[in-house]
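Written below as structure tokens is the structure these notes are about.
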Amino acid sequence: MAQSNRIQLRRGTATEWSSVNPVLFIGELGIDISNKRVKAGDGFSNWSQLPYIDESGFEELRVEYGNEMDFIIALELAK
């Protein structure tokens, strides 16, 4: 079965993130699979400069975008 829509988040181990130390685009999420933690890009800071998103950060995202279904609907409408 063909897969037409997929969202894949940038991910890597803590060692990979440290060695490459990339700049994530504004709103781009990066997942540290070694520590199971997430960072969100601001468009100019390197990975090492970005804070991990904690539970309060996830709550800010929920306030901004609503629940998962609201977010998915907003993504679909933006196409």
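The values are calculated or read from the model by the stated rules, or taken from the named source; none is laboratory data. For clarity, every value in this text was computed on a predicted model and none was experimentally measured. We place every Cβ from the backbone using ideal geometry, glycine too, and count neighbours over all the protein chains shown. Only protein heavy atoms, including side chains, enter the accessible area calculation; ligands, DNA and RNA are left aside. Shrake-Rupley method; radii C 1.70, N 1.55, O 1.52, S 1.80 Å.
When ranked by the protection proxy of mean other Cβ atoms within 10 Å per residue, highest first, what sequence do the peptides 39-50, 8-19 form?
39-50, 8-19
When ligands, DNA and RNA are left out and all protein chains stay put, how many square angstrom of accessible area per residue does region 13-64 have with a 1.4 Å probe?
For region 13-64, the per-residue accessible area is 68 Å².
Tell me the label-point distance for the pair Val20, Ser48, using the 7 Å Cα-to-Cβ offset, in nm and rounded to one decimal.
Using points 7 Å along Cα→Cβ, the separation is 1.6 nm.
In Å, what is the Rg of the alpha-carbon atoms in region 1-46, and how long is Dmax?
Considering region 1-46 through its Cα atoms, Rg and Dmax are 12.2, 39 Å.
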